[in-house]
Amino acid sequence: MTVGLFNRTIAAAMPFVPRPLVWRFSRRYIAGVDLEDAYRTVGELNALDCSATIDVLGEDSTNPDEVRSAVDLYLKAIRDIHANTLRCGISVKLSELGLRFDVEGCRQAIRTLIASAADHDRFVRIDMEDSSVTSVTLDIYREMRREFENVGIVIQSCLRRSEQDIADLLEEAPTDVRLCKGIYIEPKAIAFVDPDEIRNSFNELLEQLLEGGARRVAIATHDPLLVEHAEAVIEKLGVDEDRYEFQMLLGVAGTLRRELVARGHPLRVYVPFGDRWYAYSMRRLRENPNIAGHVVSTLLSRS
């Protein structure tokens with residue numbers, strides 16, 4: 001059995017593994033189940049000269065009560081981040097705010113969060129989800145940035161449409177973009193599937209954003225090849241530190257993260273937390289079966 005097939009087999013079997021064992025794997029990538037866990041992790045990252053973004057785990061809310069609960073939790077996070085003077089913002093998936101069943105209600109919810117964040121001098125990143133909601137997510141972002149400056153969007157380099165989306169965003173108004181590869185499985189007609197194609201797209205989109213005058217670009221990657229290219233582009237173009245930052249997920253590529261900070265680059269770490277950690281963990285395994293090998297070694301370890 002090949003390593004890839006083994007990892008996929010293990011990933012498929014993970015839903016049958018007891019949750020306490022899965023948590024032994026997940027705790028590396030998730031701050032915890034409540035806000036205090038997230039604040040503690042953010043404080044530790046700030047002490048290491050990293051800023052942070054808190055991400056409440058959850059998506060695809062199905063009723064208004066779930067949306068209200070998410071909004072209340074984010075509002076508390078914004079107030080507490082400010083009160084504790086943490087270098088931190090928030091990231092929000094619009095489906096958690098009811099995008100799939102009440103678009104207008106979603107608009108109102110994200111406006112409430114961005115307005116509160118503006119009052120507390122904090123930033124809100126509107127996260128990007130699968131391609132079925134790309135257009136409406138971009139439309140809501142456009143609406144919000146007409147009212148607020150403390151809001152940004154995400155562009156995925158795997159999508160074939162991204163070059164045109166960036167061109168449109170840059171032409172219309174100042175924009176703040178988080179550029180990532182993208183994690184959703186999409187049809188070949190609308191997405192690149194070859195890893196090299198996705199990397200090439202990432203590099204080209206990064207240059208498009210920096211050369212096109214984006215207000216700020218968040219370079220979200222753990223790929224050393226993409227980091228190397230990004231550093232070369234930043235140096236070639238003489239990009240000021242207030243116009244870019246590298247971004248990484250909690251628990252991933254710690255050595256590379258420390259190296260970037262040591263070289264003087266601004267760096268932000270995404271800090272997920274919440275009681276929906278199990279679904280998040282399962283999704284990470286589905287999206288990247290190669291993690292399964294690490295899961296097995298973790299579950300078999302004594303720690």
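The values are calculated or read from the model by the stated rules, or taken from the named source; none is laboratory data. Quick caveat, the model's predicted, so the values are computed rather than measured. Cβ: placed from backbone, ideal geometry, glycine included. Neighbour counts: every protein chain shown. We work out accessible area using only protein heavy atoms, side chains counted, and drop any ligands, DNA or RNA first. Shrake-Rupley method; radii C 1.70, N 1.55, O 1.52, S 1.80 Å.
Counting the residues of segment 211-242 that are over 21 Å from Y270 (Cβ atoms), not β-branched (V, I, T) and not in a helix (DSSP H, G or I) gives 4. Residues to consider are R142, R199, R178; find the one that is basic (K, R), outside any loop (DSSP other than H, G, I, E, B) and within 17 Å of R268 (Cα to Cα). From the options R142, R199, R178, the qualifying one is R178. In the set (1) surrounded by 21 or more Cβ atoms within 10 Å (Cβ to Cβ); (2) in contact (Cβ under 8 Å) with a residue 40 or more places away in the chain; (3) over 27 Å from I78 (Cα atoms), L206 fails one condition alone, (2).
Taking the conditions (1) in contact with a helix residue (DSSP H, G or I) (Cβ under 9 Å, 6 or more places away or on another chain); (2) farther than 23 Å from F123 by Cβ; (3) surrounded by fewer than 19 Cβ atoms within 10 Å (Cβ to Cβ) in turn, H222 satisfies each one other than (2).
I'd like to know if segment 156-174 contains one or more residues that are of a type in the set (S, T, Y), in a loop (DSSP other than H, G, I, E, B) and crowded, with 21+ Cβ neighbours inside 10 Å. Taking every residue of segment 156-174 in turn, at least one turns out to be of a type in the set (S, T, Y), in a loop (DSSP other than H, G, I, E, B) and crowded, with 21+ Cβ neighbours inside 10 Å.
Being over 29 Å from N46 (Cβ atoms) and over 21 Å from the mean Cα position of the chain (by Cα) is the filter here, so list the residues in segment 72-117 that pass it. Selection gives F101, D102, V103, E104, G105, Q108. Pairs meeting the criteria (first residue in segment 82-110 and surrounded by fewer than 20 Cβ atoms within 10 Å (Cβ to Cβ), second residue of a type in the set (S, T, Y) and modelled with pLDDT under 95, beta carbons under 9 Å, at least 6 apart or on different chains) are R100/S61; R100/T62; F101/S61; F101/T62.
Listed here are the helices (runs of 4 or more DSSP H) enclosed by segment 1-97 that have at least 1 residues being modelled with pLDDT of 95 or more: 35-47, 64-83.
Residues in segment 243-270 that are among the acidic types (D, E) and assigned to a helix (DSSP H, G or I): E259 only. Among the conditions (1) over 21 Å from C50 (Cβ atoms); (2) modelled with pLDDT under 95, the only one that F273 does not satisfy is (1). Condition check for A253 on (1) exposed (fewer than 15 other Cβ atoms within 10 Å of the Cβ); (2) touching a His at 6+ places or on another chain (Cβ under 7 Å): one failure, at (1). Of the numbered criteria (1) more than 26 Å from G238 (Cβ to Cβ); (2) touching a Lys or Arg at 6+ places or on another chain (Cβ under 6 Å); (3) open to solvent by 30 Å² or more (accessible area, probe 1.4 Å), the one D139 fails is (2).
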